[in-house]
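Participant: Can you keep this structure in mind? I'll have questions shortly.
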Amino acid sequence: MRTILNTPDSPAHDSLVEKKSEFIGDACHIDSQDEALSFVQTIRDQHPKARHVAFAAMWGGSDGRLGERMSDDGEPSGTAGKPILDVLRQGGLTDCVVCVTRYFGGILLGSGGLIRAYSSAASLAVKAAQGANIIPCTQYETVVEYPQLAMMRQIVAQLDGTVDDEEFTDCVTMMVSVPQPSAGEFESRVVETFNATVLVERRGSFNCPIADRG
């Protein structure tokens, strides 16, 4: 599975014009249906004069079950929400929502034209987004001294991991996630790099997004 990393505050964005109607695509990461609906409302508020704001969202999947929701927002049934949802399905995407806002240009497009336009606008938004693969990760907690912080961050980054949290006191308590295939190497490199003076404690396993490079 894959996801989109763009946040609701900074969604991926692109648009197209079809027979004088403008179709504006916005896409972002979400973790629940409520977050998806909140983002859709934000887009509606940004475009009060738009004729339609259709959307599709998918979330979950870590347990093999996906939630999904879509809306044609007044367009003929099956011509807006479903084409957007199909873009998400075909891309193997989850935990994301795509809105397509339409400003009507006065020319009717017909069902086929609407389907193509909504699908294309959704595809453009997804293409503009920062993508990530969702893979099994192991999360660790560790404590480092300030002079060791940069090296620990470097080790995590080199193994395509992420720094999930850092708490700064007289030392630095870190929560980091590393792809499961690299977990053994991470533990070995920490021992070797810090001469066994830094301990890492496994806190669990879960699916996490690993951003595309380049």
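The values are calculated or read from the model by the stated rules, or taken from the named source; none is laboratory data. Just so it is clear, the model here is predicted, and its values are computed rather than measured. Here the Cβ is made from the backbone with ideal geometry for all residues, glycine too, and neighbour counts use every protein chain on show. These accessible areas exclude ligands, DNA and RNA; they are computed on the full protein's heavy atoms, side chains included. Shrake-Rupley method; radii C 1.70, N 1.55, O 1.52, S 1.80 Å.
Participant: Six or more apart or on different chains, Cβ under 8 Å: which pairs go from a residue in the stretch 63-83 that's more than 25 Å from residue 103 (Cα to Cα) and open to solvent by 60 Å² or more (accessible area, probe 1.4 Å) to one that's of a type in the set (Val, Ile, Thr) and assigned to a loop (DSSP other than H, G, I, E, B)? Could you list them?
Facilitator: Pairs found: 66/94.
Participant: Confirm whether residue 53 is under 30 Å from residue 207 (Cα atoms), open to solvent by less than 70 Å² (accessible area, probe 1.4 Å) and either hydroxyl-bearing (Ser, Thr, Tyr) or in contact with a strand residue (DSSP E or B) (Cβ under 8 Å, 6 or more places away or on another chain) (or both).
Facilitator: Numbers: under 30 Å from residue 207 (Cα atoms): no; open to solvent by less than 70 Å² (accessible area, probe 1.4 Å): yes; either hydroxyl-bearing (Ser, Thr, Tyr) or in contact with a strand residue (DSSP E or B) (Cβ under 8 Å, 6 or more places away or on another chain) (or both): yes.
Considered against the rule, which asks whether it is under 30 Å from residue 207 (Cα atoms), open to solvent by less than 70 Å² (accessible area, probe 1.4 Å) and either hydroxyl-bearing (Ser, Thr, Tyr) or in contact with a strand residue (DSSP E or B) (Cβ under 8 Å, 6 or more places away or on another chain) (or both), residue 53 comes out as no.
Participant: Being hydrophobic (A, V, I, L, M, F, W, C), surrounded by fewer than 16 Cβ atoms within 10 Å (Cβ to Cβ) and in a strand (DSSP E or B) is the filter here, so list the residues in the stretch 170-193 that pass it.
Facilitator: Here is the first cut: in the stretch 170-193, the residues hydrophobic (A, V, I, L, M, F, W, C) are 171-172, 174-176, 178, 183, 186, 190-191.
Going one step further and asking which of them are surrounded by fewer than 16 Cβ atoms within 10 Å (Cβ to Cβ), we end up with 171, 175, 191.
Result: 175, single match.
Participant: Let me ask something additional. Count, please, the residues in the stretch 107-128 that happen to be under 13 Å from the mean Cα position of the chain (by Cα) and farther than 15 Å from residue 55 by Cβ. Outline the logic, then answer.
Facilitator: First, pick out the residues of the stretch 107-128 that are under 13 Å from the mean Cα position of the chain (by Cα): 125-128.
With farther than 15 Å from residue 55 by Cβ added as a condition, the list becomes 127-128.
The qualifying residues number 2.
Participant: Taking only pairs six or more apart or across chains, which ones have beta-carbon atoms under 7 Å, a first residue in the stretch 155-182 that is closer than 13 Å to residue 134 by Cα, and a second residue that is open to solvent by 60 Å² or more (accessible area, probe 1.4 Å) and hydroxyl-bearing (Ser, Thr, Tyr)?
Facilitator: That search, which allows pairs on different chains as well, returns 180/205.
Participant: Also: Within the stretch 194-211, restricting attention to residues that are more than 14 Å from residue 175 (Cα to Cα) and under 28 Å from the mean Cα position of the chain (by Cα), which residue is least open to solvent (accessible area, probe 1.4 Å)?
Facilitator: Filtering first and then ranking leaves 210.
Participant: Taking only the stretch 71-89 into account, find how many residues are part of a helix (DSSP H, G or I) and more than 18 Å from residue 112 (Cβ to Cβ). Talk me through it step by step, then tell me what you get.
Facilitator: First, pick out the residues of the stretch 71-89 that are part of a helix (DSSP H, G or I): 81-89.
Then drop every residue that is not more than 18 Å from residue 112 (Cβ to Cβ), which leaves 88-89.
Residues that pass the stated criteria total 2.
Participant: Mind checking which residues of the stretch 152-169 are in a helix (DSSP H, G or I) and exposed (fewer than 14 other Cβ atoms within 10 Å of the Cβ)? Show your work before the answer.
Facilitator: If we filter the stretch 152-169 for residues that are in a helix (DSSP H, G or I), which is where we start, we get 152-158.
Of everything in the stretch 152-169, those that are in a helix (DSSP H, G or I) and exposed (fewer than 14 other Cβ atoms within 10 Å of the Cβ) turn out to be 154, 157, 158.
Participant: Among the listed residues 47, 29, which satisfies the condition of being within 22 Å of residue 120 (Cα to Cα), in contact with an Asp or Glu (Cβ under 7 Å, 6 or more places away or on another chain) and open to solvent by 10 Å² or more (accessible area, probe 1.4 Å)? Outline the logic, then answer.
Facilitator: Details: 47 fails: in contact with an Asp or Glu (Cβ under 7 Å, 6 or more places away or on another chain).
Only one candidate qualifies: 29.
Participant: Follow-up question, since we're still on this one. Please work out if residue 113 is of a type outside the set (S, T, N, Q), in a helix (DSSP H, G or I) and touching a strand residue (DSSP E or B) at 6+ places or on another chain (Cβ under 8 Å). Talk me through it step by step, then tell me what you get.
Facilitator: Values: of a type outside the set (S, T, N, Q): yes; in a helix (DSSP H, G or I): yes; touching a strand residue (DSSP E or B) at 6+ places or on another chain (Cβ under 8 Å): yes.
It is true that residue 113 is of a type outside the set (S, T, N, Q), in a helix (DSSP H, G or I) and touching a strand residue (DSSP E or B) at 6+ places or on another chain (Cβ under 8 Å).
Participant: Within the stretch 99-127, how many residues turn out to be polar (S, T, N, Q) and either at pLDDT below 95 or touching a Phe, Trp or Tyr at 6+ places or on another chain (Cβ under 8 Å) (or both)?
Facilitator: Taking the stretch 99-127 as the starting set, the residues that turn out to be polar (S, T, N, Q) are 101, 111, 119-120, 123.
Within this subset, residues satisfying the condition of being either at pLDDT below 95 or touching a Phe, Trp or Tyr at 6+ places or on another chain (Cβ under 8 Å) (or both) are 101, 120.
Residues in the stretch 99-127 being polar (S, T, N, Q) and either at pLDDT below 95 or touching a Phe, Trp or Tyr at 6+ places or on another chain (Cβ under 8 Å) (or both): 2 in total.
Participant: Among the listed residues 86, 95, identify the single one that is open to solvent by 10 Å² or more (accessible area, probe 1.4 Å) and either in contact (Cβ under 8 Å) with a residue 60 or more places away in the chain or within 17 Å of residue 51 (Cα to Cα) (or both). Before you say what the answer is, go through the steps one by one.
Facilitator: Values: 86 fails: either in contact (Cβ under 8 Å) with a residue 60 or more places away in the chain or within 17 Å of residue 51 (Cα to Cα) (or both).
Unique residue meeting the criteria: 95.
Participant: Here is a follow-up. Of all residues in the stretch 133-151 being of a type in the set (A, V, I, L, M, F, W, C) and part of a helix (DSSP H, G or I), which is least open to solvent (accessible area, probe 1.4 Å)? First the steps, then the outcome.
Facilitator: The first filter runs over the stretch 133-151 and keeps only residues of a type in the set (A, V, I, L, M, F, W, C), leaving 134-135, 137, 143-144, 149-151.
Among the residues that remain, those that are also part of a helix (DSSP H, G or I) are: 149-151.
Numbers: 149: 16, 150: 71, 151: 78 Å².
The extreme case among them is 149.
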